[in-house]
Amino acid sequence: MTVRDTLRHIKRRLTGHRIFPILNFPNRAISTWLNYIWPTVRAWITWLFKSHEESNFTYALTERCQINFIAGLSGILNRSPDVIREYLSEIQDDADFRSHITDLLPTHPDRYRTDLEPHVGRRMVWYAVVRATKPKVVVETGVDQGMGAVVLCAALKRNASEGHPGRYFGTDINPLAGYFLKGAYAEFGKVLYGDSLKSLETLDKIDLFINDSDHSASYEQAEYELVKNKLTPRAIVLGDNSHVTSELAEFSMRHGRRFSFLPEEPANHWYKGAGIGISTSGVPSLGA
Ligand SMILES: C[S@@+](CC[C@H](N)C(=O)[O-])C[C@H]1O[C@@H](n2cnc3c(N)ncnc32)[C@H](O)[C@@H]1O
């Protein structure tokens, strides 16, 4: 029997004794620090010095996370995994999108709270949903700098070039929001400035609704309930707050909609990631 086997054997014998939690305390402290806490602290220290961001963090997503997105979306949207994979690659490899963002950064009024690398993160799912479902009207509440706005307009631009035109409406209470929504992308939509609930009242039919404004549960719920009667029969609702509240899940249950949640897994970042709540109407048809 090796020393390790002997220690394991002793440990097994001790686990039923009252003294075990005290004896095991140092082992638990060290192993959880090394395996879980330190990697996060190390990533946070690196980020403090390398990044300028203070909120609405951007980061790459792990390969595993993207495979989960592909498999999850494929089932939710009833499209083949290859088609979804292609859409996720399309936005990440889009040289026009990348240069649009990086060219605007040097003159960005908030450039010192923004990072140079334009990581789209979970917005790649928003992109794939627009590409797969060809919505005529896309609404995003909460625009901030406009990264999501440009991702969504990039998808609408591709859809239009394939004969499926659509419009983007963003809402934001900050009159300076939407800095990135310029040039070719601005041809596909605009930002409605003011309180989101007021702006949403001015809209009619919505095919894709994305909640990402005031992240209090009550405001999120109010947005969903306000747009409920504006949603077209096959409309999709995405919640960017579904890792924080259960509002979209509850809205879905109240109104007989299907709900799924796709979590993010950031690569080499201390932030645990957000997630995408996805609410679809009815039961998707079977078959590819
Ligand atoms: C998380 S950021 C949006 C991020 C953006 N969707 C993106 O893709 O980067 C939230 C935004 O919501 C806006 N906001 C907060 N409360 C709002 C309200 N009541 N009405 C409209 N916009 C609001 C903020 O000004 C902020 O720009």
Exercise. Out of the residues in the stretch 53-84 that are β-branched (Val, Ile, Thr) and not in a loop (DSSP other than H, G, I, E, B), which is nearest to Trp270 (Cα to Cα)?
Worked result: Ile67
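Conditions (1) more than 21 Å from Gln145 (Cβ to Cβ); (2) of a type in the set (Ser, Thr, Tyr); (3) not assigned by TED's automatic domain parsing to the domain that holds Tyr271, marked per residue:
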| position | (1), (2), (3) |
| --- | --- |
| Ser31 | yes, yes, yes |
| Leu34 | yes, no, yes |
| Gln92 | no, no, no |
| Asp96 | no, no, no |
| Leu104 | no, no, no |
For this session: Tally the residues that are away from the ligand (no atom under 11 Å from the Cβ) and under 22 Å from Val151 (Cβ atoms), restricting the search to the stretch 208-223.
Result: 2
Exercise. Out of curiosity, is Leu238 within 30 Å of Ala43 (Cα to Cα), in the same structural domain as Leu197 (by TED's automatic domain parsing) and not hydroxyl-bearing (Ser, Thr, Tyr)?
Worked result: yes
For this session: Filter the stretch 188-207 down to residues that are within 22 Å of the chain's Cα centre (by Cα) and away from the ligand (no atom under 15 Å from the Cβ) and give me whichever is farthest from Gln221 (Cα to Cα).
Result: Phe188
Exercise. Which of the residues that make up the stretch 61-89 are in contact with a Pro (Cβ under 7 Å, 6 or more places away or on another chain), touching a residue at least 12 places away in the same chain (Cβ under 8 Å) and buried (at least 16 other Cβ atoms within 10 Å of the Cβ)?
Worked result: Leu61, Ile70
For this session: Taking only the stretch 226-267 into account, find how many residues are under 15 Å from Ser281 (Cα atoms), free of Cβ contacts under 8 Å to residues at least 40 places away in the same chain and within 16 Å of the ligand (Cβ to nearest atom).
Result: 1
Exercise. Which residue out of Tyr168, Tyr127, Tyr179, Tyr185 is on the phi < 0 side of the Ramachandran plot, more than 9 Å from the ligand (Cβ to nearest atom) and within 15 Å of the chain's Cα centre (by Cα)?
Worked result: Tyr127
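The values are calculated or read from the model by the stated rules, or taken from the named source; none is laboratory data. Note that this is a predicted model, so its numbers are computed, not measured. Cβ: placed from backbone, ideal geometry, glycine included. Neighbour counts: every protein chain shown.
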